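Student: Got a structure for you, written out below as structure tokens; questions coming shortly.
The values are calculated or read from the model by the stated rules, or taken from the named source; none is laboratory data. The structure displayed is predicted, hence computed values, not measured ones. Cβ placement follows ideal geometry from the backbone for every residue including glycine, while neighbour counts extend to all protein chains displayed. For the accessible areas, the whole protein counts, side chains as well, though only heavy atoms, and no ligand, DNA or RNA atoms are used. Shrake-Rupley method; radii C 1.70, N 1.55, O 1.52, S 1.80 Å.
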Amino acid sequence: MDGSLKEQVRERTTAAMKAGDKVTVGALRMLSAAITNKEKDVGHQLSDDEVREVAGKEVKKRAESIEAFAAAGRTELVDKEEAERAVLEPYAPAQLDAGAVDALIDEAFAATGATGPQDMGKVMGFIMGKAKGQVDGGLVQRQVKERLG
């Protein structure tokens, strides 16, 4: 699969349609629609990095849905969302592992001189700016809050 990430999504959608893979087709069509909407918003063709950003947001939506459906006991919907998330993850930015997140938090504390809860915004801004979609903001926020006391 050569070409842009957007082309890869299109090619994989076509292959999934031919194979009759409804879950993959559905997930990739939603991603394509999100990409098109973003292009209309920004007024230009998206770069691969911008496509990854859009895909990351779609993966995050699936993760939030999985949590909500699991809490409601809707296992059939959890399974569907997990399958869609698995289809979309290869297009999203790679997530940092726990060690890298800890190192990033340490770096943020050193760079911002954070000492207490009032510094939460500075620390989070630093981390999220550097991580660029490679971390779950909620998870990082809990870890930072824990460290700030």
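Student: Points 7 angstrom from Cα along the Cβ direction at GLU76 and ASP41: gap in nanometres?
Tutor: Reported label-point gap for GLU76 and ASP41 is 3.3 nm.
Student: Among ARG85, ARG62, ARG74, determine the one that fluctuates most according to a GNM of the chain built with springs between C-alpha atoms less than 10 Å apart.
Tutor: Residue with maximal mean-square fluctuation among ARG85, ARG62, ARG74: ARG74.
Student: Another question, then. Given springs between every Cα pair under 10 Å in a Gaussian network model of the chain, which of GLN95, GLN118, GLN134 has the largest fluctuation?
Tutor: Fluctuation is largest for GLN118.
Student: Kindly report the accessible area of the chain per residue (heavy atoms of protein chains, probe 1.4 Å, no ligands, DNA or RNA), in Å².
Tutor: Using a 1.4 Å probe on heavy atoms only, each residue of the chain averages 59 Å².
Student: Something else about it: Of all accessible surface on the stretch 41-134 at a 1.4 Å probe, what whole percent is carbon and sulfur?
Tutor: Looking at the stretch 41-134 in its full context, I get 54 percent from C and S.
Student: Next question. What helices does the chain hold that run 18 Å or longer along their axis, going by alpha-carbon atoms, with a Kyte-Doolittle average of -1.0 or more, using DSSP H for the helix calls?
Tutor: 5-19, 22-42, 48-71, 75-88, 98-112
Student: Now for a separate question. Evaluate the Debye formula for the chain with equal point scatterers sitting on the alpha carbons, no solvent, and hand back log10 of I(q)/I(0) at q = 0.09 Å⁻¹, in q order, two decimals.
Tutor: Computed log10 I(q)/I(0) values: -0.37.
Student: Checking the table LYS22/LYS145; LYS61/LYS122; LYS40/LYS60; LYS18/LYS130 against a 31 Å threshold on Cα-Cα, which pairs fail?
Tutor: LYS22/LYS145; LYS18/LYS130, as the Cα separations exceed 31 Å there.
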